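Some notes on the structure that comes next.
The values are calculated or read from the model by the stated rules, or taken from the named source; none is laboratory data. All of these numbers come straight from a predicted model, not from anything done at the bench. With ideal geometry, Cβ positions are generated from the backbone for all residues, glycine too; neighbour counts draw on all protein chains shown. Keep in mind that these areas ignore ligands, DNA and RNA; they rest on the heavy atoms of the full protein, side chains included. Shrake-Rupley method; radii C 1.70, N 1.55, O 1.52, S 1.80 Å.
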2 protein chains.
Amino acid sequence: MTDLAALKKALEGLKIEDNPALVKQKSRDFFWYSPVLKRQLDAVSADLVVTPKSEAEVVHVLRTCFAMDVPVTVRGCGTGNYGQAMPLSGGIILNMAEMNRIIDIKPGRLVCEPGVILHDLDQAARADSGQEMRMHPSTAKTASIGGFIGGGSGGVGSIRWGGLRDLGNVLRLRVVTMEETPRVLELDGWDLQKVSHAYGTNGVITEIEIPLTAAYDWVDVIVGFDDFMDAARYGNTLGTHDGLLLKLVTPIAAPIPHDYFLRHRKFIPEGKSVCLVMVAPHAVESLIAYTERTAGEILFRSDTADDLKRLPPAYELAWNHTTLRGLRVDDSITYLQVLYPFPDQLALVEKVHAHFGDEVVAHLEFVRFDGNVTCFGLPIVRFTTEERLEEIMRIHEDMGCVIFNAHRYTLEEGGMKQTDEVQLAFKREADPKGLLNPGKMVAFEDPDFDFAAHKVYLFPGLEQAK
Amino acid sequence: MTDLAALKKALEGLKIEDNPALVKQKSRDFFWYSPVLKRQLDAVSADLVVTPKSEAEVVHVLRTCFAMDVPVTVRGCGTGNYGQAMPLSGGIILNMAEMNRIIDIKPGRLVCEPGVILHDLDQAARADSGQEMRMHPSTAKTASIGGFIGGGSGGVGSIRWGGLRDLGNVLRLRVVTMEETPRVLELDGWDLQKVSHAYGTNGVITEIEIPLTAAYDWVDVIVGFDDFMDAARYGNTLGTHDGLLLKLVTPIAAPIPHDYFLRHRKFIPEGKSVCLVMVAPHAVESLIAYTERTAGEILFRSDTADDLKRLPPAYELAWNHTTLRGLRVDDSITYLQVLYPFPDQLALVEKVHAHFGDEVVAHLEFVRFDGNVTCFGLPIVRFTTEERLEEIMRIHEDMGCVIFNAHRYTLEEGGMKQTDEVQLAFKREADPKGLLNPGKMVAFEDPDFDFAAHKVYLFPGLEQAK
């Protein structure tokens, strides 16, 4: 057990929160998207929240916690939904929210601290020089850049730029290690892979350099279809139109759009599947021309709509917000995260959804992935039991899909189900005691764990915490 | 025969050139890249050059020539190399060089007249708002935007944006028809296909709206390889890196780089194949990281080179400039224009070049084509006879390549070897007498011509002209 009094004394002068209700609040993310994680993680809480204001304070916290063997879990804004930032072994939540300075904006690049809200970054880059980030999650208005890089993978903009993991989509990270004397490292090039999407298990990001692109007043378009597969084909071909500057291509099957998109409901007739599109203003007319030769019908255009008041932007209907809006209407649902590999994505989508019918309702996100246009799926699942949920995922895999298991809290099970040797080696170097976000990297906790055996990894530390 | 005196009188008040040497000069393009076109077209000349200063003057010329049955061939700056703008039946060259106003620049778009030099457009957009065109040919400093849209297909920038034919890469064209009373039409969406890349056979473009993108101080990088196929693989994979903002990816086999790139020769050892890359400044370090894990070695970087004086930009070593530089060293060579279809492009490149050895030296241009990364080839051919040249192209086709025959002056033979029904229908409507650039659209001149028979189309009007 952590000696809380001694820890607080050692951290005197820093901003510390120890009110249990507030600490528990900052120990949570959107893990409740998953009924499995909800059951497993609901009791999880840190002991203290520490909110550093500078890299020097981060170094101080890590040095202190290393000496006292206190776990440290880095937190952005808690908008992840894999339990990324949940402190399975208690200890300290390192809340990066107040390290939120924007340090420099230049043509094509921006330097900032990790706690900046993504939407604020975009606003600042736009005001400075008509620029914006290449991509952001649907939670841009509440998520931080550090959390996005540490726990996200891509999102709005990935149809143009691919994912965060792709070379060039993050330029430089400054990282503090968890050692007796913490080191401050500058990582770029391939070294970025050491800590990107590592859930803060092997270093604390204190400064970020990302590329920017030209900002536009993106136009939201909702295209309606009687048949979901027409919407899927529309999105698939649209994504390959390199001359159309797009930021979002999201086919969603009925009844989701009418049932869950309450503010847009007046535009979306019952029974319609849709494709949500974000398109640059100078490409709208070309998009309309494209649409004319498809089965689609324009239901909504933000550039000609009479009244946009109280309408969220299209990206807040897409990616993880689709499920979020669904949960607000029907809290019994959950979702999956699927990759339909190129080039068979459309055939696979059709096969999967024919198999499941209304139990698994299609939601696709078209992206560039390894240079090809293909789609992720974030389908809505009518949840019954954990066993059936497992079975549904197994059937997807048997059909040829890749499942990123959104019902697991470890990096590997939520990802490619294999050890990331680069991240593992860096964790051994940068966090020798295993104090950073314990329980999230299976390969570190249990090097012999067999991912192929389809067992669930259960972090022993979590059982102790209960 | 044209009654020149009557024609000149009818056009009084316009800028007219009738000096035969100057008229012949303005009747030519870079057709001499091809020994076949050189033989066929060397004698071609118009009777007069008319240089309109406004759309009203264009209307006047077309009305007059329609009434007098005088052919009109529209010319940009004559940098094409298919004889696009050569007046096979004489008549008038309509020289658009002085309709060169930039009318409007906005975020993401620019409106101008057709005679603006591409490099000047870029300079103006950059000065106005840090923008530039999405793509340009290697002749950007001497070619016009109207000529590019009327006779080009893509080029520097196509690795990001695809080709000019792709929806969204041209936004609007204003076109004057060749009728008793010429009409002025505004075309957008799918209608753009009526006149884009139609060599001015079915209308005269008088105003252009194109998309713009963010301008960067592009960095030229030359990467060296001992084995050309390593350069080809390097380019192919590089092109799929969606997070790297690239403008040019050009693998070129030895001995071209050392033998023909005289100003860069000091950077390029004998025997080296290269890949030319243009990359945004904020992506250079990521490109270097990418290169580290390949067989490539950085030979040159414009951002760290000591002295750039007298060095042309990398794009003036690429696309059709590769052949141009070759011709300056060895005027016996010629070239091909090849498409290696996705996804078999690398295997096909390897097979083709193993077959021909030094007779056909590889030069690839990676592009996005229908949403996939693949490559065009513009290989250097050690020319011997026209028969062998034909045979070389036939072997390419038999192996699975698409040949855009750079040794033919018609749209179809230089393109997809089939009738473009949209362009043909529009020509019948907009140029009922067939006076616009006669002899270039086979489907109009000889509707029964059989492209599958592998015969060469010979425009009867050209024989008469000799």
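Is it the case that the stretch B:208-219 has a residue that's more than 9 Å from chain A (Cβ to nearest Cβ), at pLDDT 95 or above and not in a strand (DSSP E or B)?
Yes: one or more hits.
Answer yes if at least one residue in the stretch A:138-152 is out of contact with any strand residue (DSSP E or B) (no Cβ under 9 Å at 6 or more places or on another chain) and charged (D, E, K, R), and no otherwise.
no
Which one of the conditions (1) away from chain A (no Cβ under 14 Å); (2) surrounded by 20 or more Cβ atoms within 10 Å (Cβ to Cβ); (3) closer than 21 Å to B:R160 by Cα; (4) without any contact (Cβ under 8 Å) to a residue 60 or more places away in the chain does B:M135 fail to meet, given that it meets all the rest?
(1)
Of the residues B:V367, B:V361, only one is within 27 Å of B:N169 (Cβ to Cβ), among the β-branched types (V, I, T), at pLDDT 95 or above and touching a strand residue (DSSP E or B) at 6+ places or on another chain (Cβ under 8 Å); which?
Step by step, each of B:V367, B:V361 is checked, and only B:V367 is within 27 Å of B:N169 (Cβ to Cβ), among the β-branched types (V, I, T), at pLDDT 95 or above and touching a strand residue (DSSP E or B) at 6+ places or on another chain (Cβ under 8 Å).
Does A:D303 fit the bill of being surrounded by fewer than 24 Cβ atoms within 10 Å (Cβ to Cβ), within 14 Å of chain B (Cβ to nearest Cβ) and modelled with pLDDT under 95?
no
Given the condition open to solvent by less than 40 Å² (accessible area, probe 1.4 Å), away from chain A (no Cβ under 14 Å) and at negative phi, answer yes or no: does some residue in the stretch B:100-108 qualify?
no
Just to be sure I understand, how many residues within the stretch A:369-386 are within 14 Å of another protein chain (Cβ to nearest Cβ) and either open to solvent by 10 Å² or more (accessible area, probe 1.4 Å) or small (G, A, S) (or both)?
Counting residues in the stretch A:369-386 that are within 14 Å of another protein chain (Cβ to nearest Cβ) and either open to solvent by 10 Å² or more (accessible area, probe 1.4 Å) or small (G, A, S) (or both) gives 4.
Being open to solvent by 10 Å² or more (accessible area, probe 1.4 Å), in contact with a helix residue (DSSP H, G or I) (Cβ under 6 Å, 6 or more places away or on another chain) and away from chain B (no Cβ under 13 Å) narrows it down to one of A:I117, A:I205, so name that one.
Residue meeting the stated conditions: A:I205.
Go through the stretch A:306-329 and report how many residues are surrounded by fewer than 22 Cβ atoms within 10 Å (Cβ to Cβ) and either more than 16 Å from A:Y260 (Cα to Cα) or in contact with a Gly (Cβ under 6 Å, 6 or more places away or on another chain) (or both).
The qualifying residues number 4.
In the set B:V156, B:V223, B:V184, B:V195, which member is in contact (Cβ under 8 Å) with a residue 24 or more places away in the chain, more than 11 Å from chain A (Cβ to nearest Cβ) and surrounded by fewer than 24 Cβ atoms within 10 Å (Cβ to Cβ)?
Just a single option satisfies the conditions, and that option is B:V184.
Tell me which of these A:K309 doesn't satisfy, since it passes every other one: (1) under 21 Å from A:L248 (Cβ atoms); (2) more than 14 Å from chain B (Cβ to nearest Cβ); (3) part of a loop (DSSP other than H, G, I, E, B).
Failing condition for A:K309: (1).
Look through B:E397, B:E412, B:E445 and report the one residue that is charged (D, E, K, R) and open to solvent by less than 40 Å² (accessible area, probe 1.4 Å).
B:E412
Tell me which helices (runs of 4 or more DSSP H) are completely within the stretch B:1-73 and hold 3 or more residues being of a type in the set (S, T, N, Q), or say none if there are none.
Passing ranges: none, list empty.
Select from the stretch A:279-298 the residues that are assigned to a strand (DSSP E or B) and open to solvent by 10 Å² or more (accessible area, probe 1.4 Å) and write down the one among them that is farthest from the other protein chains (Cβ to nearest Cβ).
Out of the qualifying residues, it is A:E297.
B:G163 - would you say it is small (G, A, S), more than 10 Å from chain A (Cβ to nearest Cβ) and under 18 Å from the mean Cα position of the chain (by Cα)?
For B:G163, the condition - small (G, A, S), more than 10 Å from chain A (Cβ to nearest Cβ) and under 18 Å from the mean Cα position of the chain (by Cα) - is not met.
If A:N81 passes every condition in (1) within 16 Å of the chain's Cα centre (by Cα); (2) buried (at least 24 other Cβ atoms within 10 Å of the Cβ) but one, which one does it miss?
(2)
Considering only residues that are within 14 Å of chain A (Cβ to nearest Cβ) and aliphatic (A, V, I, L, M), look in the stretch B:166-181 and name the one that is farthest from A:R134 (Cα to Cα).
Looking at the filtered set, the residue picked out is B:L173.
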